[in-house]
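In what follows, a structure is listed as C-alpha coordinates, so that the remarks can point back to it.
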Amino acid sequence: MITRLGAESEKLLIGMPTYGRTYTLVDPNENGMRAPAVKDKGGDAGDFTQEAGILAYYEVTFEIVRLVVI
(Lines give C-alpha, C1' and ligand atoms only; values in the text may rest on other atoms or scores of the structure.)
Protein backbone atom coordinates (compact mmCIF):
# COMPACT_ATOMS: atom_id res chain seq x y z
CA MET A 1 0.00 0.00 0.00
CA ILE A 2 1.16 3.53 -0.70
CA THR A 3 0.94 4.46 2.98
CA ARG A 4 3.82 2.07 3.67
CA LEU A 5 5.92 4.28 1.40
CA GLY A 6 5.15 7.33 3.51
CA ALA A 7 1.96 8.80 2.06
CA GLU A 8 -0.40 10.17 4.69
CA SER A 9 -3.75 8.38 4.53
CA GLU A 10 -5.58 11.64 5.40
CA LYS A 11 -4.29 13.14 2.14
CA LEU A 12 -5.26 10.25 -0.14
CA LEU A 13 -8.31 10.36 -2.38
CA ILE A 14 -9.74 7.31 -4.05
CA GLY A 15 -11.58 7.96 -7.28
CA MET A 16 -14.17 5.85 -9.00
CA PRO A 17 -14.85 6.34 -12.70
CA THR A 18 -18.45 7.21 -13.39
CA TYR A 19 -18.58 6.23 -17.02
CA GLY A 20 -18.74 3.03 -19.01
CA ARG A 21 -16.73 1.80 -21.97
CA THR A 22 -18.54 -0.02 -24.76
CA TYR A 23 -17.31 -2.18 -27.61
CA THR A 24 -18.58 -3.67 -30.84
CA LEU A 25 -18.17 -7.43 -30.91
CA VAL A 26 -16.72 -9.16 -33.96
CA ASP A 27 -19.50 -11.76 -33.67
CA PRO A 28 -22.52 -10.73 -31.56
CA ASN A 29 -23.27 -14.42 -30.93
CA GLU A 30 -19.88 -14.81 -29.28
CA ASN A 31 -20.48 -12.60 -26.24
CA GLY A 32 -18.79 -14.33 -23.33
CA MET A 33 -15.67 -13.36 -21.42
CA ARG A 34 -12.82 -12.31 -23.71
CA ALA A 35 -15.05 -12.23 -26.80
CA PRO A 36 -13.15 -10.45 -29.58
CA ALA A 37 -14.13 -6.85 -30.31
CA VAL A 38 -13.69 -4.84 -33.50
CA LYS A 39 -10.44 -2.88 -33.23
CA ASP A 40 -10.81 0.91 -32.96
CA LYS A 41 -14.62 0.78 -32.98
CA GLY A 42 -16.52 1.53 -29.82
CA GLY A 43 -20.10 0.54 -29.18
CA ASP A 44 -23.09 2.65 -30.10
CA ALA A 45 -23.04 6.26 -28.92
CA GLY A 46 -25.18 7.14 -25.93
CA ASP A 47 -28.24 9.36 -26.24
CA PHE A 48 -26.58 12.10 -24.23
CA THR A 49 -22.83 11.71 -24.74
CA GLN A 50 -23.16 11.15 -28.48
CA GLU A 51 -19.73 9.49 -28.24
CA ALA A 52 -19.12 6.00 -29.61
CA GLY A 53 -17.49 3.76 -27.05
CA ILE A 54 -18.27 5.84 -23.96
CA LEU A 55 -21.42 6.08 -21.87
CA ALA A 56 -21.95 8.50 -19.01
CA TYR A 57 -22.87 7.09 -15.59
CA TYR A 58 -26.49 8.14 -16.03
CA GLU A 59 -26.68 6.44 -19.43
CA VAL A 60 -25.39 3.19 -17.93
CA THR A 61 -27.83 3.32 -15.00
CA PHE A 62 -30.70 4.21 -17.35
CA GLU A 63 -29.96 1.10 -19.44
CA ILE A 64 -29.80 -1.11 -16.34
CA VAL A 65 -33.15 0.21 -15.09
CA ARG A 66 -34.67 -0.14 -18.56
CA LEU A 67 -33.57 -3.78 -18.80
CA VAL A 68 -34.82 -4.64 -15.31
CA VAL A 69 -38.20 -2.92 -15.66
CA ILE A 70 -39.06 -4.26 -19.13
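The values are calculated or read from the model by the stated rules, or taken from the named source; none is laboratory data. Owing to the predicted nature of the structure, the values given are computational and were not obtained by experimental measurement. Ideal geometry is used to build each Cβ from the backbone, glycine not excepted, and the neighbour counts take in all protein chains shown. Calculation scope for accessible area: heavy atoms of the full protein, side chains included, ligands and nucleic acids excluded. Shrake-Rupley method; radii C 1.70, N 1.55, O 1.52, S 1.80 Å.
With the Cα gyration tensor of the chain in hand, convert its eigenvalues to equivalent ellipsoid semi-axes via √(5λ) and list them largest first in whole Å.
For the chain, the semi-axes come out at 32, 18, 13 Å.
Per atom type, the chain shows carbon and sulfur on 59% of its accessible surface, probed at 1.4 Å.
Taking θ as phi - 60° and the Karplus parameters 6.51, -1.76 and 1.60, the scalar couplings of segment 26-39 work out to 4, 10, x, 6, 9, 10, x, 4, 6, 5, x, 10, 5, 5 Hz in sequence order, x denoting glycine and proline. Summing charges over neighbours of Thr49, with a neighbour being any other residue whose Cβ is under 12 Å away from its Cβ, gives -3 when K and R count +1 and D and E count -1.
Per residue, the solvent-accessible area of the chain (1.4 Å probe, heavy atoms of protein chains only, all protein chains present) comes to 92 Å².
Under the combined filter of DSSP loop state and at most 16 neighbouring Cβ atoms within 10 Å, segment 1-58 retains these trypsin sites (Lys or Arg not before Pro): Arg34.
Taking GluC sites (Glu not before Pro) as exposed when DSSP calls them loop (any state but H, G, I, E, B) and at most 16 other Cβ atoms lie within 10 Å, what is the longest stretch of the chain free of them, the sites themselves excluded?
Longest gap between qualifying sites, sites excluded: 9-29.
Less than 5 angstrom separates the built amide H of Tyr23 from those of Gly43, all sequence-distant by 5 or more or on a different chain.
The angle between the Cα long axis of helix 57-69 and the main principal axis of the chain comes to about 50°, on a 0 to 90 degree scale.
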